[in-house]
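Written below as structure tokens is the structure these notes are about.
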């Protein structure tokens, strides 16, 4: 029986071959800009966020710039995104906390990042991995779905999925694995109707194998 580590090695080798140097689809130049973009990405697509941040970063490039705003003022700049009022409140709060508590620099630890308004574990891990090169495995909705479908995890929460993936995947690959899984979920292993005929890793996918056994005709059409 194939272990999760063995399965992860096979699947990630294929995804790595297809995308040797995966990067975030969010546009950013600094750790602060990445933090802003990730907070804005909740219930919004990266394309939508990139449209907003193209103008936003031209006006407010640093925490100092955004800390001077009221949430209501910032909301006007991001109102095309979902949950924009809450996001504006969190961003202004995060900017002020970074100035008051962290010397104007985005903190580099999980705990300190999570202490910022609007920053959960997933957001903190994305910033650590992509802005600072710290090994971290962020689990968003795509990674959660893909990991559990493939059988790289069997968990009911993102936190438990992260723990199981961290045990199955070498630490040196955590950041890249996040990108490979999120992109696979975004373009192939989509939520409602996964594009199994285009998937290069069905051979090791627990969900696909189960579908083939229980409903061959249905599985063939997916």
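Every number here is computed from the coordinates shown, using simple stated rules; none is lab data. Please read all numbers here as calculations on a predicted model, not as lab measurements. Here the Cβ is made from the backbone with ideal geometry for all residues, glycine too, and neighbour counts use every protein chain on show.
Once label points are set 7 Å from the Cα along Cα→Cβ at both residue 17 and residue 159, what is their separation, rounded to one decimal in nm?
The answer from the label model is 3.8 nm.
With only alpha-carbon pairs counted, each pair once and no self-pairs, how large is the Kirkwood hydrodynamic radius of the chain in angstroms?
Taking the inverse mean of 1/r over all distinct Cα pairs, the chain comes out at 18.5 Å.
Which of 178, 90 has the fewest other C-beta atoms within 10 Å, and how do the rest follow up to the most?
Listing 178, 90 from fewest to most nearby Cβ atoms yields 90, 178.
Measure nothing fancy, just the Cα-based angle from helix 84-101's long axis to the longest principal axis of the chain, in degrees from 0 to 90, nearest 10.
Orientation of helix 84-101: about 70 degrees from the principal axis.
Relative to the longest principal axis of the chain, what angle (0 to 90°, nearest 10) does the C-alpha long axis of helix 174-187 take?
The angle comes out near 80 degrees.
Grab the DSSP H runs of the chain that are 4 residues or longer, score each as -39,500 (n - 2.57), total them, divide by all residues and round the 222 nm result to the nearest 500 deg cm²/dmol.
When only DSSP H runs of four or more count, the value is -18500 deg cm²/dmol.
Quickly work out the residue 206-to-residue 25 label distance, labels modelled 7 Å from Cα along the C-beta direction, and quote it in nm with one decimal.
Placing both labels 7 Å beyond Cα along the Cβ direction yields 2.6 nm.
Could I have the simple spin-label model distance between residue 186 and residue 114, label points 7 Å from Cα toward Cβ, reported in nm to one decimal?
Calculated label separation equals 2.5 nm.
Mind sorting 196, 189 by how few other Cβ atoms lie within 10 Å of their own Cβ, fewest first?
Ranking 196, 189 by Cβ neighbours within 10 Å, fewest first, gives 196, 189.
State, as an integer percentage, the relative contact order of the chain based on alpha-carbon contacts under 8 Å between residues 6 or more apart.
19
What is the fewest-to-most order of 171, 145, 4, 192 by other Cβ atoms lying within 10 Å of their Cβ?
Fewest to most other Cβ atoms nearby, the residues stand as 192, 171, 4, 145.
If I fit a long axis through the Cα atoms of helix 158-168 and take the longest principal axis of the Cα atoms of the chain, what angle between them do I get, 0 to 90°, rounded to 10?
That works out to roughly 60 degrees.
Provide the FRET efficiency to the nearest 0.05 for the residue 6-residue 79 pair, computing r from the beta carbons and using R0 = 41 Å.
Once rounded, the FRET efficiency stands at 0.30.
Running a GNM on the chain with Cα contacts under 10 Å, which residue among 140, 176, 65 ends up with the highest mean-square fluctuation?
Checking each option, the largest mean-square fluctuation is seen for 65.
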